[in-house]
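Have a look at the structure below before the remarks.
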Amino acid sequence: MQGSTAFTNMSDVFISYSRKDQDAVQKLHYMIEAKGREAWVDWQDILPTAKWWQEIQRGIEGADTFVFVLSPDSIASKVCEQEIDHAVLHHKRIVPIVYREGFEFKLTSNAHQVLKEHNWLYFTDPSKVEQAFQTLLEIMDTDLEEVRLHTRLIVRSVEWENNARNDSFLLRGDDLNLAEQWLKSSDHHLPPTQQQRTYIQKSREVEIANQRILDAGKRAEKMVQFGSVILGGTIAIAAFISFLLWQNRRVNEIDSGSVLALRQFETAQLPALLEAVKQGRNLQSLAPNARRLEDYPTPRPILTLQTMLSRIQERNQLRTESGSVFAIAFSPDSTLMATGGRGFVQISTVQGKKIAQFALPSDRGLAALSFNAEGKEVLTVWSDSSLGRWDLTGKAIAWIPQKVKLVQARFSLDRRSFATVRKDGAAQLWTATGQSKAILKPNLPRSRSPMFRAINFSADGKYLATGGTDGGVTWWNQKGEILPSNHPKLRSYSTTGTIFDLKMTQNQMAIAAEGTIWLRTLNGQVIRQFVGDQSIFTPEGRHLVTGGTDGTIEVWNVANSAPEFRSAHESTLYALAVSPNGRYLATAGIGRTIRVWDLMRQTNAVRASENELLGMTLTRDGAIVAVGKQGKQGTEGTISIWNFDPQRQVQLSSKVPVWSVAISPDGQTIATGDQTGTVRLWNRQGKEMGEFKADSRRILNLKFSPNGEQIATAADQGAKLWSRSGQLQKELEKNVRVYDVSFQANGKQIATTLGATIKLWDRAGNLIRSIPVSQSDANILSVRFTPDQNRIITTGMDGMVNIWTSKGDKLHEFKAHPNNIYGLSLSSDSQQILTSGANGVTRLWTMAGEQLGEWQGNKAEFSQDGQQIVTIDQEGMLRVVDNVKLDRLLTTACDWLKDYLETNPTVSDRERQLCDRGKP
């Protein structure tokens with residue numbers, strides 16, 4: 001398509017495979033690229049810091065052909081199955097190939113149905129590999145122009161979806177005409193997806209609307225040229241049309257500014273939030289009397305502010321006057337921050353108010369910086385081991401000169417000692433007053449001794465660990481003696497690569513070695529690895545912060561290695577520090593900017609489980625009941641009850657994961673469904689009141705009837721209707737997976753899902769009607785009756801929201817997510833919809849399909865009054881967010897920006913005035 005933007009994620013082929021087939025796939029990859037084709041394979045194309053599944057999806061969406069390497073391992077792989085599902089969802093050309101000799105495939109196996117429907121290419125006979133490869137190339141080149149058009153439209157439609165359906169990402173001109181011609185063609189080798197149809201249709205609608213406005217403007221210009229008799233009326237009409245044109249331009253500018261702010265937010269949160277406030281103010285000026293969302297000409301700034309305020313963690317940006325910062329330290333009470341570089345130290349409050357900046361000897365590099373134990377002095381260690389002591393105004397208290405060149409220095413946690421790594425490869429321990437306590441050297445001939453490059457204290461300060469050029473970690477006591485090999489906890493060991501940094505907690509250590517951070521136990525057992533060059537633990541040891549030369553900053557949950565926060569500096573990261581109270585993270589890189597992050601800002605977020613949360617329900621009196629997996633391996637279950645603070649009220653445990661939960665209409669009984677097919681009933685205090693076996697496998701969903709006398713279950717092996725005491729009343733579906741079940745508010749109808757169909761039943765379990773839902777045969781995952789009983793809402797694996805009458809007649813549909821929608825909730829007034837996608841994003845919609853908000857979460861529910869939204873996610877986090885109006889969002893944003901606006905010299909007076917409106 002002429003005039004299209006560049007598509008960096010597009011390739012000729014995506015290869016799906018099991019890791020056990022990697023050698024064969026490497027050969028195939030080489031053969032494909034040797035022919036000048038581009039192959040997308042995850043060992044090469046996924047950055048370790050990227051969101052893994054989203055990158056896989058982008059790779060599939062941007063590939064012209066999907067190759068699946070058949071083997072028993074790939075057939076059994078859940079990930080490979082998900083990749084095939086995504087390829088089928090986007091109507092990709094699929095080519096199964098076989099590499100393993102002796103591989104046998106039975107049509108009755110658990111393999112994906114699509115693999116049974118395609119011819120295979122065999123690469124098993126070495127003498128026929130070239131022939132099979134030529135056949136693969138011919139398949140890839142068949143109808144190539146149409147296939148590439150199909151791929152481009154997928155990539156562009158997904159980009160449109162991921163940018164909140166911003167009009168600037170729609171097709172125009174020749175691009176749109178070509179896409180429409182393809183859509184109308186009856187000879188499709190790859191049929192259009194529903195997402196492509198929606199994208200092309202919306203592009204035409206916006207093109208027509210824009211053309212009408214342009215035509216109206218031209219007519220207005222012509223009317224001005226008529227005679228003086230009608231001049232007054234003509235000018236009035238022309239003025240009105242000009243106003244419409246001006247308003248349309250302003251709306252487009254607001255939309256574009258909001259989308260750009262969201263993009264900027266990924267690397268510069270505070271400037272992006274300030275830009276979002278600007279666009280919110282612009283929207284207020286366009287619609288000063290708006291009270292409802294539908295009163296605004298665009299909801300985009302509201303969506304942008306909601307998204308940012310649910311994610312923001314950058315609290316402030318500080319500037320130095322003298323150069324790049326190489327060291328950062330917090331005072332013991334976490335109220336002050338010292339930052340230093342070549343020739344200077346600056347002291348400020350954590351809110352950004354500068355207290356002092358003083359010059360230091362500039363002929364030495366700053367190796368370490370700390371407050372003393374009382375917080376009354378600043379201690380500096382220089383590259384020649386000299387120690388400086390300064391009061392908080394910059395007055396020198398003491399200067400202890402040394403002449404021992406060093407490469408690293410670290411203070412103990414109690415700030416009473418420091419340790420250095422010398423340029424000669426040895427290490428040295430010092431008191432905080434500059435007295436040498438011990439020199440650490442391996443007892444080996446010099447030719448065999450490693451050069452130390454890293455040193456640090458154990459969490460209790462009693463021991464030291466060193467790392468060096470041999471990749472070895474050695475433990476020492478404070479006398480400079482290596483600990484014996486039979487030490488019960490601290491044992492020396494070897495790893496790979498030169499070690500440049502060491503950080504410790506009571507039980508773990510982070511080792512930086514040549515671009516990789518290794519998380520290990522104190523005796524060397526590997527737990528996890530990350531990309532980065534330096535790291536620091538939070539004081540309680542629950543989180544690890546990593547930083548890299550590319551400026552990337554990530555905060556990881558140590559218990560489950562889940563990323564909880566990610567951002568980036570503009571350039572190489574030099575320094576990381578966490579305040580003693582664990583709240584603030586300070587980072588600095590090339591340049592004069594220090595960024596301060598609030599690690600505890602999400603007071604509305606709690607960790608409800610150390611593993612994945614799977615289900616949630618809300619009571620009418622304001623309690624949240626969440627269930628899911630527990631334990632590092634996810635083999636146990638959890639049931640917890642929270643209020644909206646959120647504070648935990650009740651915590652229960654289960655021997656197996658809990659998949660679903662429901663609350664009785666009177667709010668007093670909780671029903672849970674677990675992995676073994678057991679339904680259990682609990683009271684609000686957590687006492688078990690009864691149980692019954694409802695299925696042989698997982699209970700995926702369950703619901704109480706409106707009168708509380710019945711329980712409907714949806715499970716891996718069917719759907720059933722039970723009495724509250726556990727007596728089977730009716731088996732609705734048998735030996736098939738049913739994802740969801742729902743009661744109508746008056747209890748007259750029950751809805752269940754079955755594949756791409758929903759079924760309506762009467763209260764006795766008699767079938768009323770079956771309704772085909774999905775044109776793409778994608779499974780329906782959720783079904784709900786609206787509280788007003790007039791409509792039925794369904795969502796599924798195709799990312800579509802379908803709206804029906806209560807009798808099953810279709811009203812309309814809209815695309816809510818690129819693919820699987822796992823969560824669906826309706827507001828009590830039947831006016832809003834919450835959908836939660838496989839990418840961990842929850843979106844808020846009007847019934848007409850207009851997006852109103854976006855947050856993190858794999859499932860979400862409305863509060864009873866609709867003013868708050870509760871989300872849960874795969875990392876075990878539970879969040880309560882406000883479903884609020886524009887003026888409240890602007891107030892909240894300005895409160896967050898307060899310190900940044902007051903202390904940052906790069907902010908203009910005009911920008912500060914954005915948050916001055918409405919102040920007394």
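The values are calculated or read from the model by the stated rules, or taken from the named source; none is laboratory data. Please read all numbers here as calculations on a predicted model, not as lab measurements. FYI the Cβ positions are ideal-geometry reconstructions off the backbone, even for glycines, and counts take in every protein chain you see. These accessible areas exclude ligands, DNA and RNA; they are computed on the full protein's heavy atoms, side chains included. Shrake-Rupley method; radii C 1.70, N 1.55, O 1.52, S 1.80 Å.
Things to note:
- Some residue of the stretch 124-134 being at pLDDT 85 or above and either outside any helix (DSSP H, G or I) or not assigned by the TED database to the domain that holds Ala24 (or both): yes
- The selection criterion, being closer than 20 Å to Phe265 by Cβ and not β-branched (Val, Ile, Thr), holds for Leu914.
- Restricting Ala272, Ala268 to those that are open to solvent by 10 Å² or more (accessible area, probe 1.4 Å), among the small types (Gly, Ala, Ser) and within 22 Å of Glu570 (Cβ to Cβ) reduces the list to Ala268.
- Long-range neighbours under 9 Å by Cβ, at least six apart or interchain, first residue in a loop (DSSP other than H, G, I, E, B) within the stretch 895-914, second polar (S, T, N, Q) and at pLDDT below 90: Thr906/Thr593
- Some residue of the stretch 741-758 being touching a strand residue (DSSP E or B) at 6+ places or on another chain (Cβ under 9 Å), open to solvent by 20 Å² or more (accessible area, probe 1.4 Å) and over 26 Å from Gly673 (Cα atoms): no
- Meets criteria (open to solvent by 10 Å² or more (accessible area, probe 1.4 Å) and at pLDDT 90 or above) for Gln284: yes
- Test: Ser385 is in contact (Cβ under 8 Å) with a residue 24 or more places away in the chain, among the hydroxyl-bearing types (Ser, Thr, Tyr), over 30 Å from Ile499 (Cα atoms) and open to solvent by less than 40 Å² (accessible area, probe 1.4 Å): no
- Selection count where residues are among the β-branched types (Val, Ile, Thr), over 17 Å from Val325 (Cβ atoms) and not in a loop (DSSP other than H, G, I, E, B), scope the stretch 547-580: 2
- Residue in the stretch 164-184 that is of a type in the set (A, V, I, L, M), open to solvent by less than 30 Å² (accessible area, probe 1.4 Å) and farther than 30 Å from Trp845 by Cα present: no
- Applying the criterion of at least 2 residues that are within 21 Å of Ile821 (Cα to Cα) and in the same structural domain as His812 (by the TED database) to the strands (runs of 3 or more DSSP E) found wholly in the stretch 699-781 leaves 699-704, 710-715, 718-723, 741-743, 749-754, 757-762, 767-772.
- Positions within the stretch 146-177 being over 14 Å from Lys202 (Cα atoms) and over 21 Å from the mean Cα position of the chain (by Cα), in sequence order: Glu146, Val147, Arg148, Leu149, His150, Thr151, Arg152, Ile154, Asp174
- Some residue of the stretch 139-151 being among the basic types (Lys, Arg), part of a helix (DSSP H, G or I) and either open to solvent by 30 Å² or more (accessible area, probe 1.4 Å) or in contact with a strand residue (DSSP E or B) (Cβ under 8 Å, 6 or more places away or on another chain) (or both): yes
- Answer from Thr638, Thr672 - the residue that is more than 30 Å from Ile527 (Cα to Cα), hydroxyl-bearing (Ser, Thr, Tyr) and either modelled with pLDDT of 85 or more or surrounded by 14 or more Cβ atoms within 10 Å (Cβ to Cβ) (or both): Thr672
- Flag: Val88 matches the condition of being open to solvent by 10 Å² or more (accessible area, probe 1.4 Å), hydrophobic (A, V, I, L, M, F, W, C), in a helix (DSSP H, G or I) and closer than 25 Å to Gly840 by Cα.
- Residue match in the stretch 527-546 (condition: open to solvent by 30 Å² or more (accessible area, probe 1.4 Å), free of Cβ contacts under 8 Å to residues at least 60 places away in the same chain, in a strand (DSSP E or B) and among the aromatic types (Phe, Trp, Tyr)): no
- For Tyr493, the conditions (1) of a type outside the set (Asp, Glu); (2) out of contact with any Asp or Glu (no Cβ under 8 Å at 6 or more places or on another chain); (3) open to solvent by less than 80 Å² (accessible area, probe 1.4 Å); (4) modelled with pLDDT of 85 or more all hold with the exception of (4).
- The residues of the stretch 809-837 that are part of a loop (DSSP other than H, G, I, E, B) and out of contact with any Gly (no Cβ under 9 Å at 6 or more places or on another chain), listed by number, are Asp809, Ser830.
- Within the stretch 852-893, restricting attention to residues that are assigned to a helix (DSSP H, G or I) and open to solvent by less than 20 Å² (accessible area, probe 1.4 Å), the residue that is modelled with the lowest pLDDT is Leu886.
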